[in-house]
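Step one of this worksheet: look at the structure below.
Just so you know, all these numbers are worked out from the coordinates, no wet-lab data involved. All values reported here derive from a predicted model rather than from experimental measurement. Cβ sites come from the backbone with ideal geometry, for glycine too, and all protein chains shown count toward neighbours.
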Amino acid sequence: MIHKIPFFFSSLVILLLMLASCTTPPSSKTPKGQTAIIPKPQQMSIQGDSFLLQSTTKIQLAEAGADWGKVADYLNEKLAASTSEQKLEVVQGPSAKGALNIISDATIAGDAYRLKVDSEQIELAAGTPQGAFYGLQSLLQLMPVGLYGTYEYETINFKIPGVLIEDQPRFPYRGMHLDVCRHFYDVDAVKRYIDILALHKFNYFHWHLTEDQGWRMEIKQYPKLTEVGGFRKETLVGHYNDQPHQFDGKRYGGFYTQEQVKEVIEYAADRFITIIPEIELPGHAQAAIAAYPELGCTGQQLEVLTKWGVSDNVYCPSEETFAFLQNVLNEVMDLFPGKYIHIGGDECPKTQWKESEFCQQLIKKEGLKDEYELQSYFIRRIEKMINARGKQLIGWDEILEGGLAPNATVMSWRGMEGGIAAATQGHDVVMSPTSHCYFDYYQSEHEEEPLAIGGFLPLEKVYGFEPVPEELPEDKQHHILGLQANVWTEYIPDVEKLDYMTYPRAMAIAEVGWTDKEQRSFDDFVQRLDVHFQRLTAYGINAAASVYDLNVDCETKPGELVVKLSANVPNMQIRYTLDGSSPTPTSTLYEGPISVGANSQLRAAGFVDGAQRGRVAARDIELHKGVGRLLRLNHAPADRYAAGGHSAIFNGIRGSSERYGDKEWLGFAGKDMNALLVFDQKTEVKGVKMRFFKGEGQWIYLPKRVTIACSNDAKGKDFYNATVFTDINTETKVAEIDIPLDLKQGVEAMNIIAENFGTIPDGLQGGGHSAWLFVDEVEIY
Ligand code: TNX
């Protein structure tokens, strides 16, 4: 039986429901938020009554010594900022009832801590001030979320739930990196970055200070490094792949004085974070060579690089260069108290060393095999300088090439392999592979994602990172010190975008670094993140909400498309429309794959408690004659560019006109696209439309020609009537072609071939390699 509700009444109900959903802040129902700690503690139980922290509560410090004081100071700083400048009195002495007691307990090892909250007192016990600092971070996350903000409360009056937490980090190295060279971040921005690291129990900040595009740290002995090397005349606009390159014509730069560097080092030390400075060598050094041309191999006067990529201009391994680097490193080591000095070592082209007579003679004189061994010679000499000062060299995994320096620590970025090789040789390793740790990569497939360097690294993938490779023998595993995520800033010009790219992915890295594997679950993480987002918002952080976007996967059937929608977070309702209208809390509820049998405009979004979370996913579906008719592709596309399956180019959905990494584009490495389509009856075909991506900077070329042949054989044999289409070109990133065909009499099968460009000419990006061919929708009409 169907009950009919009068129209005005049902509309009223809908209106009320919508109003209710709009006015309900997501925070109102989250008392669980008070125990949403990131990174998740190893052991935590909620027990007993809560403690009321008030302005009269005292901090009872059981141990003297400045570093214990830092823990109390940090808490007071946060309290003062989030209230009207209120602080707690700090008293030296043994534990007392009613107080927040910070206790030094020698039985607690390493950086572990124990936090016990009950109605009578708070007991924060640790073996070291650093451990107590981590306990304090957990305590802060038990307080209301506004504690991360500014002037959110009048007074200190916070209810803290009764808990017992026993916690310690999984890895001794938990790092985040920031490239301040491609784009410059001033002292305040760097301090803010460091503070957020502290909130998440990171203990290393890798400060990437020198690059081709800018030298950012004052060196007293070489003032031109910052005067000249600190500024570039202009900067590339848009993506490196957009050809021809265009520039903004604006001088850009900046640097830190040594006084400012000291200030940042102290700020980090107050948060138990060690800074690792990176002074890049022998490559990525064009800014230094622009300042002092004698450091290069050609002696040529260069300018600070204005575009991204890898420069051929590298240091010449001359005595003059080594003396320069010795002096620079001495000033760096005078300032930075930590044990590690990062010397880069990555992406050093050997072109100029091959051509330089000096380098060739040096290779002979030192009995080296080639330029790779020359690089290793270079690094070994630098290592001696660093070791002589009691410090340790750390470098990117290229420092393995030509032989590793005896005491070096390796940062493995091109994958896990470099790390495995180094650990096998008995060297320490920090894992930082592009696959899981590069926050300059895209984090969502959504069309509106801001420009990124490329790649695809969603939050769940970051969270799934395992830094200790299974294949590494157990007795070598202790060499994996931990992990680090990198924020390269070619496409990150300001703090707002820096936030967007870094958070919440950095929180996932924090948890992988801190919490044991067995304790972690992504679903649980995103639930805590829901609350954590409120803290980040209070702090003023522009974190990405991409995790709330939906995933859209399609499967083709003859003349039909089956669309699967899924959310990345639990407890999300998916609602959709097929008429192009925006989904609302009352749109059709997604309950399983949708069979789309007619042209439609799918719009879908996720809802939690009636409120939309994340963006609307939009797919315009045009069920042309080729949908579901693909019999096979005669050459397979590359796995990493076939996320939507082989039939993605015959599914009725067009991919992005800006990016080729989505589920609609197929990428063929050095191969043709050769598709065989079979219809289940004679079909009239009026033509074929096709889309190809052009990104010559990334080796992606348009096809030489397209050939279409027809067959009257139901199995796809005996082709005839080949139509050839050439001169494919475009001013934009995507070439769209339309090939009219006169096949009124109908065909049973078609063979469509887009011919790969072939070998890229010398002198161009990727010269000598075979080109990529990227194909999107092939529409048969
Ligand atoms: C490679 S990672 C680089 C950086 C770039 C980065 C962009 C590494 C050691 N070198 O110079 O900024 O790729 O993802």
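Tabulated data
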{"read-out": "Label point distance in nm, A421-E518, each placed 7 Å from Cα along Cα→Cβ", "value": "3.5"}
{"read-out": "Fewest-first ranking of I156, I509, using other Cβ atoms within 10 Å as the exposure measure", "value": "I156, I509"}
{"read-out": "Extension gain, E496 back to K682 (0.36 nm per residue minus Cα-Cα distance, nm)", "value": "61.3 nm"}
{"read-out": "Nearest-20 debye value, the chain charge dipole, Cβ charges on Lys, Arg, Asp, Glu", "value": "1160"}
{"read-out": "Amide hydrogen neighbours beyond the local backbone of A544, cut-off 5 Å, H modeled", "value": "Y503"}
{"read-out": "Calculated FRET value between S566 and S84, using beta carbons and R₀ = 41 Å, to 0.05", "value": "0.35"}
{"read-out": "Amide H partners (placed H, <5 Å) of R613, local residues excluded", "value": "G606, F607, V608"}
{"read-out": "Segment 579-722: C-alpha gyration tensor shape, a/c 1.5 cut-off, then a/b vs b/c", "value": "oblate"}
{"read-out": "15 Å reach of a label modelled at N387, 7 Å along Cα-to-Cβ, counting backbone N of segment 335-364", "value": "341"}
{"read-out": "Length-normalised contact order for the chain - Cα pairs under 8 Å, 6+ apart - percent", "value": "9"}
{"read-out": "Spin-label model distance (nm) - S119 vs K704, 7 Å beyond Cα toward Cβ", "value": "8.4"}
{"read-out": "24 Å tail of the calculated P(r), segment 512-646, as % of Cα pairs", "value": "46"}
{"read-out": "For segment 203-253 and segment 621-649, distance of Cα centres in Å", "value": "43"}
{"read-out": "Linear extension gain, E294 paired with T155, 0.36 nm per residue minus alpha-carbon span", "value": "43.9 nm"}
{"read-out": "Cβ crowding within 10 Å averaged over residues, with 403-413, 387-397 ranked highest first", "value": "403-413, 387-397"}
{"read-out": "Cut-off under 5 Å, modelled amide H: who pairs with G687 long-range", "value": "L741, Y781"}
{"read-out": "Cα-based shape type of the chain, given that a ≥ b ≥ c are square roots of the gyration tensor eigenvalues and the cut on a/c is 1.5", "value": "oblate"}
{"read-out": "Spacing of the two label points (7 Å from each Cα toward its C-beta) at D186 and D370, in nm", "value": "4.8"}
{"read-out": "Segment 422-465-segment 578-619 distance, computed between alpha-carbon centres (Å)", "value": "30"}
{"read-out": "Among 210-216, 363-369, 659-665, the order from most to least packed when residues are scored by Cβ within 10 Å on average", "value": "210-216, 659-665, 363-369"}
{"read-out": "Ranked E731, E460, E259, criterion: other C-beta atoms within 10 Å, fewest first", "value": "E731, E259, E460"}
{"read-out": "Relative contact order (%) - criterion: Cα under 8 Å, at least six apart; region: segment 25-173", "value": "35"}
{"read-out": "Relative contact order (percent, whole number), segment 147-300, Cα cutoff 8 Å, 6+ residue spacing", "value": "26"}
{"read-out": "Likely footprinting exposure, V569, V775, fewest C-beta neighbours within 10 Å first", "value": "V569, V775"}
{"read-out": "Distance from segment 336-353 to segment 187-201 (C-alpha centre basis), Å", "value": "25"}
{"read-out": "Three-way shape call for segment 242-364 based on the alpha-carbon gyration tensor, with the a/c threshold at 1.5", "value": "oblate"}
{"read-out": "Karplus 3J(HN,Hα) series, Hz, for segment 709-715 with 6.51 cos²θ - 1.76 cosθ + 1.60 (x for Gly, Pro)", "value": "10, 10, 8, 9, 9, 5, 9"}
